[in-house]
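For reference, the structure is listed below as C-alpha cells.
The values are calculated or read from the model by the stated rules, or taken from the named source; none is laboratory data. From a predicted model like this one, the values you see are computed outputs, not experimental measurements. We place every Cβ from the backbone using ideal geometry, glycine too, and count neighbours over all the protein chains shown.
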C-alpha cells in the first residue's frame, strides 16, 4: 500500500516544509509589531535595531529547519501509513519530531557561530508557531483525505489472489485505511473451500478462481492485483504473472514473511539484489543517530535534575550500612558485549559470579535504605552516566546479570535478540509490570516478549511514552523488591 500512499506522503512533506517556512516568515513580520506593542504597554522599550529586510541568512535557517525536520520525522515513521492509528497519535508524533528538531537547529547555530545573527524572540515565536501550524495541517489533511475517499475520489478496485492469513491482513489494512482509495472486490483462489481459509463477506468473499481473475482483469473490472499465494507456490505465481502480463492491471506479490518471527523487518539490498531483514535492529543509520541524540539531550537534562538527589542518596548509603556507595555488576550490552552496569549499592552483598540470586520480597540481604531506593528505582540513577558514555540508553531492554543470561538464553526462544539494541534504564516490560523477580520461566518469557515488541515497534514517540509511564505509571513499582 506504500506506493499508493506515495502521493499523499509527498504532499504532506511539501505541506510540512511550507508551514515551517510560513511560521518563520510570519514570526519575522510580526516581531516588530509585537515588540512595539509590548513596549507601549510598559513591558520595556522597543529596540531600535529591528531588521526590516528578510536576508539570505533567514532563508538558510528555514531551509535547514525543513531538512532537519524531514530527517527526524522520517526516522520515526511520520510519513508512513497511519491506518488504524488514532489521529491524536499522528499529531503528537508530528509535534515530537519538531520538538526534537529544535535542539539540532540550536546546536548547528552554535557550532557555525551564527547564533548571534538571529533574534531569540523571533526564534521562540517561530518554534511555537510551527508547532501549531504543523499540528493543524495534519488534522486538516486527515479530514480532507477522509472526505475525498468517502466521495469515491481516485478509487481503485483491488483483487487478492490466494485466500491466506496474510491476504486477510492485507484486506483488513485496506478497509481501515481511508487514505488508500482502494476497495477489495474479492478473493480469487483455485483451491477447494476445505484447503483455504474462510473469507468474510465484508472483504468480498471468494468470487472465483485464478482464471476468473485474469478474465476480470482483461475486462477492466480490476485495477490492482495482490498475489498472496504461499512462497512454495512459485510455479503458480509465475504462471499467474505471465497471464496478467496480457492485461493493464498493476500486480504485486505479497511475500508471506510472517512464517518467520520477524524482528524489525525492512527491505534492503546487496548490490542489485533485494533482500528483506528477518532479524535486525531499528538503530542502523538515521535511526541510530536519532536514538543517540535523544539519549544525550534527555540524559543531560535528567542528570542536571538528579545530581543533588544522587549526592543525598550516596551520603545516606554510606551512613546506614558498611561498604561502598556504588556497585558494579557484569551485564550483556549491545550485541552481547559485556559491560559493567553502575548502581547504588542496595544490598549487604555484591554478587557478580556465576550464580546470582535475584532479590525476593522481604529479602534479608537488602539494606534499610536499599529497600526504598530499589522500589523507587533510585538505585539505577548512576546509569545515566553510562547513557552519556554510550554504553546504555535511557529506554531499552533491562540488562540482566550474566549468570541469568546464560540460564535463560537456552530456555527462551529469541532471548538474545534483546541485545540487538543497547540496554536501557527503563523499558517497555518494566512500565507494564514485568520487572523484579522472575521465579518462573513464564515471567521471564513475558519480559522478553515485551522487549522484542519494543524493538519491532520502536519510534521516538514510544520512547517518550515509556519515559512518561516510568515516572507517572502505576505499574512501574510492581514486583520491585
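Mind counting the residues in the stretch 423-463 that are outside any helix (DSSP H, G or I), surrounded by 16 or more Cβ atoms within 10 Å (Cβ to Cβ), out of contact with any strand residue (DSSP E or B) (no Cβ under 8 Å at 6 or more places or on another chain) and free of Cβ contacts under 8 Å to residues at least 60 places away in the same chain?
The number of residues fulfilling the criteria is 4.
Can we say residue 237 is in a strand (DSSP E or B) and at pLDDT 85 or above?
Judged against the criteria, residue 237 is not a match.
So if I check each of 163, 171, which one is touching a residue at least 24 places away in the same chain (Cβ under 8 Å), in the same structural domain as residue 246 (by TED's automatic domain parsing) and farther than 29 Å from residue 145 by Cβ?
Within the list 163, 171, the selection yields 163.
Mind checking whether some residue in the stretch 405-412 is in contact (Cβ under 8 Å) with a residue 24 or more places away in the chain, in a loop (DSSP other than H, G, I, E, B) and either at positive phi or assigned by TED's automatic domain parsing to the domain that holds residue 69 (or both)?
Checking the stretch 405-412: not a single residue is in contact (Cβ under 8 Å) with a residue 24 or more places away in the chain, in a loop (DSSP other than H, G, I, E, B) and either at positive phi or assigned by TED's automatic domain parsing to the domain that holds residue 69 (or both).
Which residue pairs have Cβ atoms under 6 Å apart, sit 6 or more places apart or on different chains, and have a first residue in the stretch 315-344 that is closer than 17 Å to residue 365 by Cβ and not assigned by TED's automatic domain parsing to the domain that holds residue 374 and a second that is at pLDDT 85 or above and not in a helix (DSSP H, G or I)?
Listed by first residue and then by second, the contacts come to nothing, as the list is empty.
Among the residues of the stretch 307-327 satisfying the criterion of being surrounded by 15 or more Cβ atoms within 10 Å (Cβ to Cβ) and in a helix (DSSP H, G or I), which is nearest to the chain's Cα centre (by Cα)?
310
Give me the residue from the stretch 81-97 that is farther than 16 Å from residue 135 by Cβ and buried (at least 16 other Cβ atoms within 10 Å of the Cβ) and, out of that set, modelled with the highest pLDDT.
Checking each candidate, the answer is 81.
Which of the residues spanning the stretch 280-307 are under 19 Å from residue 449 (Cα atoms) and modelled with pLDDT under 70?
None - no residue of the stretch 280-307 is under 19 Å from residue 449 (Cα atoms) and modelled with pLDDT under 70, so the list stays empty.
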